[in-house]
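Colleague: Encoded as structure tokens, here's the structure I'll be asking about.
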Ligand code: SAM
């Protein structure tokens, strides 16, 4: 739930954060923003001396990061985002810019310079609005920066080295992270605390407010813009309804105008991540109120929102509304043969979640729904959504039991006990197999482009996609690499049903299908083997069997490409992967290091990992050339 209406304005937009920083992601997630993460490839190598002031460097870097992502998404994936947010945080002391330390000695130099002194933290932010005209990308860029002063205590050598050995300084501007251990080094903070963490949320919301709600002149004098205007005030400014006859919301606004919310600048965040906010009432009395934390609200309501998506997809509401003008709830209810009362509530919930648009005429699909929820659109997630409802939802209903027993509760979801997730569960009858394949096909189409283009694979002519299912990735590979021939290898049950998933424009000469069991049967000869969304499903013993076999058939110099969601070193993010683990299959998600160690154990070297920002990350490694 987005508590702040400026954030809510972004709900049905494709918002992209051009930053891999988990801290920025957390700040924006806590604020209720929904966004994709596409880390920028822009190298932070601008010539610092060419900028008159340090903040100009941070702003320009933020802008270049955001523009690089906007351009890449537009060109490479034909998926132009609506808004790209770029940010760059630097620490400056005596006019010199400190970025991330390159090693421990560098961290030592930085931290001893900061010891006992005040320094400035600048975050430059760029908000890039994108549109596509005649296939050209058009951008409008709004930039700002925020400065926060931080004073360090005098640091003893011992404290300094303890902190450096904790490993925390290494990926942080200035060599410290104020939100964790680094907080111990700080004597005071003047200004926005979150700015030091990596993202000036308050200034960001104010800037969005300026962009989306230029206030009518007759109301602006009531609001002091040293704070983010309160919810009702924004609602009123948005639609200019104060002049209209419907004055219910205007009354609310007037009430709000006489109150002013003062947001904290730094020390107002308590240990639960809540904002303690001071509200100044009409008679000037200041009260301390603890706002209910946005993150918890989001978690509390998350399951309801998921179920709204599942049920409206199952009822094919987005198909019904596709290409039509707005429909009333009565018309929709009639078409669905459902109650008007229930339908109206579901449609309203969809509108509140940004899946539908609601006007006086009725309900129509949002862009998001037209792009991804209509069942026959190119990137439809419809079948994957039904899979989540039918197969994953029951697993989570029995999560408590799963945790207590430490085992998957698939038998609840699928109705019988068995050992092999695929052969005993998903493929137990033709209908279930078809549903599973459709679900995989729909999610694979979303990820295939990023997987296929994460590395330059043009050197490989003969490729085998093990567990390649319907061939969605194979199709994408052959589009990008015209000289490549791909064999999709999967269980006989799957291969016998792939024909209905083949696109009409597919170059059939490049793709072939081969059936077999990758644990038992011979694998087709290949220069590159692919395991996409396969390894995480299997226990160590099965992985050992599969990787030993691959290691034996791979000739030196040939390669293996693994596509999985990669955890960070602490195993804490992205949340999606960690949540997926709770389905308690025999397998598990792994971190960058764990994949590297696993692959090296089976004789694969030069392990490279690309974090794509999509649902799957990609790992490429090569079979070691044995010494003569
Ligand atoms: N690679 C596809 C993707 O990325 O979307 C599908 C991933 S799906 C989670 C796992 C695939 O592995 C399924 O298509 C399944 O049929 C296949 N599979 C499972 N066990 C197999 C086996 N023993 N031999 C061959 N394929 C198998």
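The values are calculated or read from the model by the stated rules, or taken from the named source; none is laboratory data. Computed from a prediction, not measured in an experiment: that's the story for all the values here. FYI the Cβ positions are ideal-geometry reconstructions off the backbone, even for glycines, and counts take in every protein chain you see.
Colleague: For segment 68-75, state whether one or more residues are surrounded by fewer than 20 Cβ atoms within 10 Å (Cβ to Cβ), farther than 21 Å from residue 295 by Cβ and modelled with pLDDT of 90 or more.
Modeller: yes
Colleague: If you take the residues of segment 519-540 that are touching a residue at least 40 places away in the same chain (Cβ under 8 Å) and more than 15 Å from the ligand (Cβ to nearest atom), which of them is farthest from the chain's Cα centre (by Cα)?
Modeller: 525
Colleague: Please work out if residue 455 is more than 15 Å from the ligand (Cβ to nearest atom) and at pLDDT 95 or above.
Modeller: Considered against the rule, which asks whether it is more than 15 Å from the ligand (Cβ to nearest atom) and at pLDDT 95 or above, residue 455 comes out as no.
Colleague: Separate question: Are any residues in segment 481-501 more than 12 Å from the ligand (Cβ to nearest atom) and outside any strand (DSSP E or B), and if so, which ones?
Modeller: Of everything in segment 481-501, those that are more than 12 Å from the ligand (Cβ to nearest atom) and outside any strand (DSSP E or B) turn out to be 481, 482, 483, 484, 499, 500.
Colleague: OK, next. Could you check segment 54-101 and list, in sequence order, the residues that are touching a residue at least 12 places away in the same chain (Cβ under 8 Å), within 28 Å of residue 13 (Cα to Cα) and not in a helix (DSSP H, G or I)?
Modeller: The answer is 79, 80, 81, 82, 83, 84, 85, 86, 87, 88, 89.
Colleague: Just one of 578, 618 is surrounded by fewer than 18 Cβ atoms within 10 Å (Cβ to Cβ) and touching a strand residue (DSSP E or B) at 6+ places or on another chain (Cβ under 9 Å); which is it?
Modeller: After applying the criteria, what remains is 578.
Colleague: Please find, among 185, 201, the residue that is in contact with a helix residue (DSSP H, G or I) (Cβ under 9 Å, 6 or more places away or on another chain), more than 20 Å from residue 55 (Cα to Cα), modelled with pLDDT of 90 or more and crowded, with 16+ Cβ neighbours inside 10 Å.
Modeller: The conditions single out 185.
Colleague: Residue 504: farther than 23 Å from residue 605 by Cα, away from the ligand (no atom under 15 Å from the Cβ) and in a strand (DSSP E or B), yes or no?
Modeller: Details: farther than 23 Å from residue 605 by Cα: yes; away from the ligand (no atom under 15 Å from the Cβ): yes; in a strand (DSSP E or B): no.
No: the conditions fail for residue 504.
Colleague: For segment 462-480, check the following and say yes or no: at least one residue is modelled with pLDDT under 95, away from the ligand (no atom under 16 Å from the Cβ) and part of a loop (DSSP other than H, G, I, E, B).
Modeller: no
Colleague: Of all residues being loosely packed, with under 15 Cβ neighbours inside 10 Å and assigned to a loop (DSSP other than H, G, I, E, B) in segment 541-559, which is nearest to the ligand (Cβ to nearest atom)? Just the residue, please.
Modeller: 555
Colleague: While we're on this one: For residue 409, state whether it is more than 16 Å from the ligand (Cβ to nearest atom) and farther than 21 Å from residue 378 by Cβ.
Modeller: Details: more than 16 Å from the ligand (Cβ to nearest atom): yes; farther than 21 Å from residue 378 by Cβ: yes.
So residue 409 fits the description; yes.
Colleague: Given the condition in contact with a helix residue (DSSP H, G or I) (Cβ under 9 Å, 6 or more places away or on another chain), at positive phi and modelled with pLDDT of 95 or more, answer yes or no: does some residue in segment 523-534 qualify?
Modeller: Yes; the residues of segment 523-534 include at least one that is in contact with a helix residue (DSSP H, G or I) (Cβ under 9 Å, 6 or more places away or on another chain), at positive phi and modelled with pLDDT of 95 or more.
Colleague: Here are the criteria: (1) near the ligand (Cβ under 8 Å from one of its atoms); (2) farther than 25 Å from residue 36 by Cβ. Tell me which single one residue 447 does not satisfy.
Modeller: With respect to (1) near the ligand (Cβ under 8 Å from one of its atoms); (2) farther than 25 Å from residue 36 by Cβ, residue 447 is out only on (2).
Colleague: Additional query: Filter segment 594-628 down to the residues that are touching a residue at least 40 places away in the same chain (Cβ under 8 Å), more than 16 Å from the ligand (Cβ to nearest atom) and part of a strand (DSSP E or B), then identify the one that is farthest from the chain's Cα centre (by Cα).
Modeller: Checking each candidate, the answer is 623.
Table: residues versus (1) at positive phi; (2) in a helix (DSSP H, G or I); (3) out of contact with any helix residue (DSSP H, G or I) (no Cβ under 9 Å at 6 or more places or on another chain).
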| site | (1), (2), (3) |
| --- | --- |
| 349 | no, yes, no |
| 354 | yes, no, no |
| 374 | no, no, no |
| 411 | no, yes, no |
| 442 | no, yes, no |
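Colleague: Here is a further query. Pick out the one residue from 371, 321, 399 that is surrounded by 18 or more Cβ atoms within 10 Å (Cβ to Cβ) and within 27 Å of residue 446 (Cβ to Cβ). Break it down stepwise before answering.
Modeller: On the way: 371 fails: surrounded by 18 or more Cβ atoms within 10 Å (Cβ to Cβ); 399 fails: surrounded by 18 or more Cβ atoms within 10 Å (Cβ to Cβ).
Answer to the check: 321.
Colleague: For residue 516, are the conditions met, namely being modelled with pLDDT of 95 or more, touching a strand residue (DSSP E or B) at 6+ places or on another chain (Cβ under 8 Å), more than 23 Å from residue 387 (Cβ to Cβ) and near the ligand (Cβ under 10 Å from one of its atoms)?
Modeller: Against the criterion (modelled with pLDDT of 95 or more, touching a strand residue (DSSP E or B) at 6+ places or on another chain (Cβ under 8 Å), more than 23 Å from residue 387 (Cβ to Cβ) and near the ligand (Cβ under 10 Å from one of its atoms)), residue 516 qualifies.
Colleague: Return the residues of segment 390-399 that are farther than 11 Å from residue 303 by Cα and either part of a helix (DSSP H, G or I) or within 21 Å of the chain's Cα centre (by Cα) (or both); say none if nothing qualifies. Step through it out loud before you land on a result.
Modeller: Residues of segment 390-399 that are farther than 11 Å from residue 303 by Cα, as a first pass: 390-392, 394-395, 398-399.
Passing the criteria: 390, 391, 392, 394, 395, 399.
Colleague: Counting only residues that are in a loop (DSSP other than H, G, I, E, B) and away from the ligand (no atom under 12 Å from the Cβ), which one in segment 420-439 is surrounded by the fewest Cβ atoms within 10 Å (Cβ to Cβ)?
Modeller: If we take residues in segment 420-439 being in a loop (DSSP other than H, G, I, E, B) and away from the ligand (no atom under 12 Å from the Cβ), then 429 is surrounded by the fewest Cβ atoms within 10 Å (Cβ to Cβ).
Colleague: Every residue in segment 395-409 that is under 25 Å from residue 467 (Cα atoms) and either in the same structural domain as residue 580 (by TED's automatic domain parsing) or in contact with a helix residue (DSSP H, G or I) (Cβ under 7 Å, 6 or more places away or on another chain) (or both), please.
Modeller: Going residue by residue through segment 395-409, those that are under 25 Å from residue 467 (Cα atoms) are 395, 407-409.
Within segment 395-409, 395, 408, 409 qualify.
Colleague: Still on this structure, I have one more. Taking the condition of being without any contact (Cβ under 8 Å) to a residue 60 or more places away in the chain and touching a strand residue (DSSP E or B) at 6+ places or on another chain (Cβ under 7 Å), how many residues in segment 445-472 meet it?
Modeller: Count: 2.
Colleague: Counting only residues that are in a loop (DSSP other than H, G, I, E, B) and modelled with pLDDT of 90 or more, how many does segment 24-39 have?
Modeller: Quick first cut of segment 24-39, residues in a loop (DSSP other than H, G, I, E, B) only: 31-35, 38-39.
Narrowing further to those that are modelled with pLDDT of 90 or more: none.
Going through segment 24-39 one residue at a time, the tally reaches 0.
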